[in-house]
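Worksheet: one structure, shown below.
The values are calculated or read from the model by the stated rules, or taken from the named source; none is laboratory data. Keep in mind that this is a model prediction, so the values were computed, not measured. Because the Cβ atoms are built from the backbone with ideal geometry, glycine has one as well, and the counts that use them run over all protein chains shown. When the accessible area is computed, the model is the full protein with side chains, heavy atoms only, and any ligands, DNA or RNA have been set aside. Shrake-Rupley method; radii C 1.70, N 1.55, O 1.52, S 1.80 Å.
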Amino acid sequence: MLAVGAPAIAQEAAPKAGGDIVITYKDDVATLDPAIGYDWQNWSMIKSLFDALMDYEPGTTELRPDLAESYEISDDGTVFTFHLRDGVTFHNGRALTAEDVKYTLDRVTNPETQSPGAGFFGSIKGYDDVATGKATSLSGVTTPDARTVRIELSRPDATFLHVMALNFAHVVPREAVEEFGPDFGRHPVGTGAFKLADWTLGQQLVFEKNANYWRQGVPYLDSITFQIGQEPIVALLRLQQGEVDIPGDGIPPAKFQEVMNDPEQKARVVEGGQLHTGYVTMNVRMEPFDKLPVRKAVNMAINKDRIVQIINGRAVPANQPLPPSMPGYVKDYEGYAYDPEGAKALLAEAGLADGFDTELYVMNTDPQPRIAQAIQQDLAAIGIRASIRSLAQANVIEAGGTEDGAPMIWSGGMAWIADFPDPSNFYGPILGCAGAVPGGWNWSWYCNEALDARAAEADAIVDPARAEERYAAWGSIYTDIMKDAPWVPVFNEQRFTMKSARMQGADNLFVDPVHIPINYDYVSVSDVQ
C-alpha cells in the first residue's frame, strides 16, 4: 500500500489579511452547483465555495490532499482509501462526514442530476448501474466510519486522484441540496474558503470570507464582489481608473496591443501558458454533419492563421484536440490543410455541390462574434451558408447539451481548458460517449465505442514507468478521432490576466492552471490598513 500525506504549502512573504476586490463579467453566472457548473466563469468561483478530497498546490498542477488528510492506494491501483480531516464544517455549521462524500458522488452520477461531469466517475464500481437507473448509489463507495471513505474501482484508473480534485467531486451537504432542490446552484453551501453572501441577478455576486475555514491563514481577502453586466472595454477603463481589480473577461482584443505597448499597463499583465484548445463542433447526429465528407470539408475550409490574427497572435493554429504542451500531443501529425477547393470537392462527393444552410452558435462576448464571422466567411467560400446565433454563454452551453440544439458551435470563451493536466481529460467529457448526453459537454454528440474502449485501456496503465507508452496510446486515439472529424481544432491560446496595482500574490496565482481568472483563495491586496 502507498501512503501519502499532505505536503506543506509553500508561501512567500506573508500577505496582508483583509480587503475587498472587484471582478467584472459581462454575463451573469449560470449556477454555483459543483455538480452542474462547467464553464470557465464559474469554475473557480465554485472552487472557492467548495472543497474536494484532493486539490492542487496553488498556482501549479501538483496534486495535494484537501478534505482528505491522507490516502492509500492498493497495489493493483483499484482501491483508494481516504482519511478525512478533523474540524471541517460546512457553511451551515454542520461537521463534514464520510457520508457527505458518498452522497456527493452518488448525486453527481445520478442521471436525474444531469451533471456534465458524470462520466469522469465511470471507473467507480457500480457506475453503470447508477448511470442506467438500475441503482441510486455507487456500490464502490463505502464509509467504514465517519472519517473514512473507501472507493473501489472496476478498473485501474491512472487519472483517479485528478478526478477527485474536480469540481464535480466537491462535497455538498444533503440537507442543503434537498432544501433548495433545483435552486441549490443559487444557494450554494460548501466547506470552502468563501461563502455566498449576496447574489443579485444581473448585477452582482458577493463572496465573503469563511471565518471558520479549516485551512489556517486563508483566504486573505475579506470579500470578493463580482460585478455583472460589464462590457470588457468598460471594465478595462474602470481598472485603469482604480475601480476594478480584475477584468474577468480578459483584455479586450481591440485593446490588447494598446495595453501591451504601454509599459505601465503591461506591468499589470501576467502571461502564462494554458492547456487550451478552441474548436468548432459539428453535431454528427444532425444532417448534413452526419456525413464524414462534410465534416472533413469544414476542417479544410477554415483559415486558422487568419483567425489567430484576429486575436493579435495570442495563440497558435491547432490541428488536433490536444494542445502542444499536453503529454500525448502528436508532434508530427499534420491534420487537415487549409484547402477551400479540396473542401468544395468533398461537398460535391457528399451530394452537396450547391452547399447547404446551417447555424453557427457563438458566445456574444468580443472577440467571439468576430471569430464566428471569419468562420462564416470561410464556410461561405465553399458554399456553406451559416447564420450566426450570438448568445450569452449559458444559452450556448444549453444548446450544445441538447441533441438537436446546435448544428455547429464555435467554442471560444467556453473552449476547453484542461480540468487536470492529463490527455484523458480532453476525451471523456467532450469527445467520449459519456459526454454525449443531455446537459453534457460533447457538443458534437460524437460517440465511438471502440475509442472509448481504447481510452479505458490507456487509463489502465497506472505504472509511472509506462507513462510514455500511455501517452502514445492517447496520441493515437486523438489522431483517429480526427479521421472522423467531429471537430475543427482552431487554435491553442495563451493566457493573459490583467490586475490592478494593489493586487498581490505570486504570478502563478494569476495564471493558475485550474483557477480562472485567478486563484481567489491565495491572492491579497496591498492597501489593507
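Entry remark, segment 398-407: residues being open to solvent by less than 60 Å² (accessible area, probe 1.4 Å) and assigned to a helix (DSSP H, G or I) number 2 in total. Scanning segment 251-272 for residues that are open to solvent by 20 Å² or more (accessible area, probe 1.4 Å) and either closer than 15 Å to Met503 by Cβ or among the charged types (D, E, K, R) (or both) returns Lys255, Glu258, Asp262, Glu264, Gln265, Lys266, Ala267, Arg268, Val269, Glu271.
Contact list please: Cβ distance under 6 Å, first residue in segment 161-176 and open to solvent by 10 Å² or more (accessible area, probe 1.4 Å), second residue at pLDDT 95 or above and not in a loop (DSSP other than H, G, I, E, B), pairs at least six apart or on different chains. Qualifying pairs under 6 Å: Leu161/Met54; Arg174/Tyr103. Taken over segment 97-154, the criterion of being hydroxyl-bearing (Ser, Thr, Tyr) and within 21 Å of the chain's Cα centre (by Cα) is satisfied by Thr104, Thr109, Thr113, Ser115, Ser123.
Just to be sure before I move on: is Gln274 among the polar types (S, T, N, Q), over 30 Å from Tyr336 (Cα atoms) and at pLDDT below 95 in the structure I sent? In short, no. Applying the criterion of being farther than 30 Å from Ile518 by Cα and not charged (D, E, K, R) to the residues of segment 56-87, the residue that is farthest from the chain's Cα centre (by Cα) is Ser74. Number of residues in segment 441-455 that are crowded, with 18+ Cβ neighbours inside 10 Å and either more than 23 Å from the chain's Cα centre (by Cα) or under 24 Å from Asp76 (Cβ atoms) (or both) equals 2. Confirm whether Ala135 is touching a residue at least 40 places away in the same chain (Cβ under 8 Å), of a type in the set (Gly, Ala, Ser), farther than 17 Å from Val79 by Cα and outside any strand (DSSP E or B). Spelling it out, it is not the case that Ala135 is touching a residue at least 40 places away in the same chain (Cβ under 8 Å), of a type in the set (Gly, Ala, Ser), farther than 17 Å from Val79 by Cα and outside any strand (DSSP E or B). Scanning segment 174-230 for residues that are part of a loop (DSSP other than H, G, I, E, B), among the polar types (S, T, N, Q) and over 20 Å from Gly19 (Cα atoms) turns up Thr191, Gln203, Gln230. For segment 273-313, taking the residues that are among the basic types (Lys, Arg) and either free of Cβ contacts under 8 Å to residues at least 24 places away in the same chain or out of contact with any strand residue (DSSP E or B) (no Cβ under 6 Å at 6 or more places or on another chain) (or both), the one that is most open to solvent (accessible area, probe 1.4 Å) is identified as Arg285.
Being in contact with a strand residue (DSSP E or B) (Cβ under 7 Å, 6 or more places away or on another chain) and of a type outside the set (Ser, Thr, Tyr) is a property that Gly217 lacks.
When the test is whether a residue is touching a residue at least 12 places away in the same chain (Cβ under 8 Å), open to solvent by 10 Å² or more (accessible area, probe 1.4 Å) and within 30 Å of Ala473 (Cα to Cα), Leu196 does not pass it. Scanning segment 361-397 for residues that are part of a helix (DSSP H, G or I), open to solvent by less than 30 Å² (accessible area, probe 1.4 Å) and polar (S, T, N, Q) yields Gln368, Gln393.
Within segment 353-367, residues that are in contact (Cβ under 8 Å) with a residue 60 or more places away in the chain have Cβ atoms under 6 Å from residues that are of a type in the set (Asp, Glu) and crowded, with 17+ Cβ neighbours inside 10 Å in these pairs: Thr365/Asp249, counting only partners at least 6 apart in sequence or on another chain.
Just one of the listed residues (Gln529, Gln504) is closer than 30 Å to Asn210 by Cβ, open to solvent by 40 Å² or more (accessible area, probe 1.4 Å) and modelled with pLDDT of 95 or more, namely Gln504. Could you please let me know if Gly435 is modelled with pLDDT of 95 or more, in contact with a helix residue (DSSP H, G or I) (Cβ under 9 Å, 6 or more places away or on another chain) and surrounded by 19 or more Cβ atoms within 10 Å (Cβ to Cβ)? Considered against the rule, which asks whether it is modelled with pLDDT of 95 or more, in contact with a helix residue (DSSP H, G or I) (Cβ under 9 Å, 6 or more places away or on another chain) and surrounded by 19 or more Cβ atoms within 10 Å (Cβ to Cβ), Gly435 comes out as no.
Against the list (1) under 30 Å from Pro438 (Cβ atoms); (2) in contact (Cβ under 8 Å) with a residue 40 or more places away in the chain; (3) open to solvent by less than 30 Å² (accessible area, probe 1.4 Å), the condition Glu99 fails is (3). Taken over segment 346-360, the criterion of being open to solvent by 60 Å² or more (accessible area, probe 1.4 Å) and in a helix (DSSP H, G or I) is satisfied by Glu349 alone. The condition (being over 30 Å from Glu403 (Cα atoms), among the acidic types (Asp, Glu) and part of a loop (DSSP other than H, G, I, E, B)) is satisfied by just one residue among Asp290, Asp305, Asp332, Asp249: Asp332. Among the residues of segment 34-50, those that are of a type outside the set (A, V, I, L, M, F, W, C) and open to solvent by less than 10 Å² (accessible area, probe 1.4 Å) comprise Pro34, Gly37, Gln41, Asn42, Ser44, Ser48.
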